[in-house]
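Asks: Sharing a structure, written as structure tokens. Questions coming.
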Amino acid sequence: MALLSPAALDRVAHIAGGESGSGGGGRWVPAFLDLSVAIDNSTKDQTYNTPALATVLLFVEQVEWMLAGGGLDWAAGRCDRSAEILYTWAEQSDFAMPFVGKPSERSHVVGTVDFVDAVDAAAVAKVLRANGIVDTEPYRKLGRNQLRIAMFPAIDPEDVAALCACINHVVGALAS
């Protein structure tokens, strides 16, 4: 789903150079990723790839939930609050610190927290997973001792605070 202004539509046409699949600049882009193809099909009330009905239903439910909560500002505010909780916790921690040092450059959607060498983040993630807290593993290609924390609008900021408390508990238990 995309909402594009007339200026954005013009930019897509300029980048694509009028040729679908070109991706602009002579670089090949698969048609299913080419925004100009999606725009062309949408003007004909068509899709390049027909989405599953469940995907459309879940999308509608998510948008309605956000609108009922107060719209995009409300949803972004939940992310901002979660980020404040996570990064404040990491900055005040004796064993964790935000992966991105500059606060203005930190994501408010997915936070990454580095751990000191004495704390095995993979072991912490394993204990969390065994207790029903999933998907905190780090970016594998970075090879860092860290956890990655989702802070999407659907995640209650108080759940982020509870996760920070859980991490403190697990780290303490593993150290003893």
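Asks: Filter region 1-19 down to residues that are surrounded by 13 or more Cβ atoms within 10 Å (Cβ to Cβ) and part of a loop (DSSP other than H, G, I, E, B) and give me whichever is modelled with the highest pLDDT.
Replies: Initially, region 1-19 is screened for residues surrounded by 13 or more Cβ atoms within 10 Å (Cβ to Cβ), giving 4, 8-9, 11-13, 15-17.
Next, only the ones that are part of a loop (DSSP other than H, G, I, E, B) stay: 4, 17.
On the way: 4: 91, 17: 74.
Across region 1-19, the extreme among qualifying residues is 4.
Asks: Still on this model: Please specify each residue of region 146-163 satisfying the condition of being surrounded by fewer than 20 Cβ atoms within 10 Å (Cβ to Cβ), farther than 18 Å from residue 130 by Cβ and of a type in the set (A, V, I, L, M, F, W, C).
Replies: Residues satisfying the conditions are 150, 152, 154, 155, 161.
Asks: Please state which one of 128, 147, 142 is over 22 Å from residue 81 (Cα atoms), of a type outside the set (Asp, Glu) and modelled with pLDDT of 95 or more.
Replies: Every option except 128 fails the conditions.
The values are calculated or read from the model by the stated rules, or taken from the named source; none is laboratory data. Just so it is clear, the model here is predicted, and its values are computed rather than measured. Backbone-built Cβ (ideal geometry, glycine too); neighbour counts: all protein chains shown.
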